[in-house]
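S.K.: The structure that follows is given in the form of structure tokens.
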């Protein structure tokens, strides 16, 4: 199984901290899921996988999401973390999608919970 993760980030956050946090989460998920998880920085290749996740790494990412929404497919799955206003930004994005009658889901919690939900989305 292959999972592509497209990260979106506000330019207002410290890039080194964001990269460190991203790598930790991706590595923890790889270990828990025992599958291929790749950061995908090309939105046109995001769906060349069994599952596509949008990683809302920081608050202030809403405009970045809106700039790529036309290239994304429903349902939208948002991976979040407990810091950097990731969850808050995801909630704003999901509210927008709901108002547009589009489907989305926020994946938020510890690595074990995230892994279980990802397995369900993969049909395992």
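The values are calculated or read from the model by the stated rules, or taken from the named source; none is laboratory data. Worth saying up front: this structure is predicted, and the values here are computed from it rather than measured. Note that each Cβ is placed from the backbone with ideal geometry, even for glycine, and that neighbours are counted across all protein chains shown.
S.K.: On the basis of being more than 25 Å from residue 101 (Cα to Cα), in contact with a helix residue (DSSP H, G or I) (Cβ under 7 Å, 6 or more places away or on another chain), in contact (Cβ under 8 Å) with a residue 60 or more places away in the chain and part of a helix (DSSP H, G or I), does residue 25 make the cut? Lay out the reasoning, then the answer.
M.R.: Values: more than 25 Å from residue 101 (Cα to Cα): yes; in contact with a helix residue (DSSP H, G or I) (Cβ under 7 Å, 6 or more places away or on another chain): no; in contact (Cβ under 8 Å) with a residue 60 or more places away in the chain: yes; part of a helix (DSSP H, G or I): yes.
Considered against the rule, which asks whether it is more than 25 Å from residue 101 (Cα to Cα), in contact with a helix residue (DSSP H, G or I) (Cβ under 7 Å, 6 or more places away or on another chain), in contact (Cβ under 8 Å) with a residue 60 or more places away in the chain and part of a helix (DSSP H, G or I), residue 25 comes out as no.
S.K.: Might you check whether a residue that is under 16 Å from residue 82 (Cα atoms) and over 12 Å from the mean Cα position of the chain (by Cα) occurs anywhere in segment 39-50? Give the derivation first.
M.R.: If we filter segment 39-50 for residues that are under 16 Å from residue 82 (Cα atoms), which is where we start, we get none.
No: segment 39-50 contains no residue that is under 16 Å from residue 82 (Cα atoms) and over 12 Å from the mean Cα position of the chain (by Cα).
S.K.: With respect to residue 117, is the statement that it is under 21 Å from residue 30 (Cα atoms), surrounded by 12 or more Cβ atoms within 10 Å (Cβ to Cβ) and touching a helix residue (DSSP H, G or I) at 6+ places or on another chain (Cβ under 6 Å) true? Reasoning before the result, please.
M.R.: Numbers: under 21 Å from residue 30 (Cα atoms): yes; surrounded by 12 or more Cβ atoms within 10 Å (Cβ to Cβ): yes; touching a helix residue (DSSP H, G or I) at 6+ places or on another chain (Cβ under 6 Å): no.
In short, no.
S.K.: Looking at segment 45-69, I want the residues that are within 18 Å of residue 15 (Cα to Cα) and have a partner that is surrounded by fewer than 19 Cβ atoms within 10 Å (Cβ to Cβ) and at pLDDT 95 or above with Cβ atoms under 6 Å, at least 6 apart or on another chain. Which pairs are those?
M.R.: Taking only residues 6 or more apart or on different chains, the pairs are 59/88; 62/92.
S.K.: Any residue in segment 99-124 that is free of Cβ contacts under 8 Å to residues at least 12 places away in the same chain sitting within a Cβ distance under 8 Å of a residue that is surrounded by 10 or more Cβ atoms within 10 Å (Cβ to Cβ) and part of a strand (DSSP E or B)? List the pairs, counting only those 6 or more apart or interchain.
M.R.: Matching pairs, first to second residue: 117/107.
S.K.: Just need a number here: residues in segment 28-54 that are under 17 Å from residue 109 (Cα atoms) and either surrounded by 18 or more Cβ atoms within 10 Å (Cβ to Cβ) or touching a helix residue (DSSP H, G or I) at 6+ places or on another chain (Cβ under 9 Å) (or both).
M.R.: Applying the first criterion (under 17 Å from residue 109 (Cα atoms)) to segment 28-54 yields 28-33, 53-54.
Those left that are additionally either surrounded by 18 or more Cβ atoms within 10 Å (Cβ to Cβ) or touching a helix residue (DSSP H, G or I) at 6+ places or on another chain (Cβ under 9 Å) (or both): 28-29, 31-33, 53-54.
The qualifying residues number 7.
S.K.: Consider residue 104 against the criteria (1) on the phi < 0 side of the Ramachandran plot; (2) more than 13 Å from the chain's Cα centre (by Cα): it satisfies all of them except one. Which criterion is unmet?
M.R.: (2)
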